[in-house]
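Everything on this sheet refers to the single structure shown next.
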Amino acid sequence: MGIQYLSVFFMCSSGMALMGANRDMILFLINSGVDVATYALILLSFCFLMIFYANVLVDAFIAMAGPAEPKYDSLESGIDEGSQRTSTSSQTLSPRPEGGSKYSISSDPLSA
């Protein structure tokens, strides 16, 4: 069990401990002769099984659903069929020889 699930486990175990601390349950445990440590271990084991079952269900859902389809085209694709947009990753900043601003943007990386 990873460290990211520790807070979920603590929340589950604290909820179980608080729900199991009512008057009727305490009287039942005292009359049954159950030790406090045994009761705590049973509660923690039950919490672990609940969290494990939930993680198995989530992992099974993700495995059965398959990879998600991308909603938009990536920017690395360059020129698409329907648009004239070029990729910004192929543009370089090269010095401009004429006046004006000091640098110009070129889409050919070898034209410096």
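Among the conditions (1) assigned to a loop (DSSP other than H, G, I, E, B); (2) modelled with pLDDT under 80, the only one that residue 21 does not satisfy is (2). A residue that is assigned to a loop (DSSP other than H, G, I, E, B) and at pLDDT below 90 can be found somewhere in segment 51-66. When segment 1-18 is filtered for residues that are among the aliphatic types (A, V, I, L, M) and assigned to a helix (DSSP H, G or I), the ones remaining, listed by number, are 3, 6, 8, 11, 16, 17, 18.
The values are calculated or read from the model by the stated rules, or taken from the named source; none is laboratory data. All figures in this text were calculated on a predicted structure; none of them were measured in a lab.
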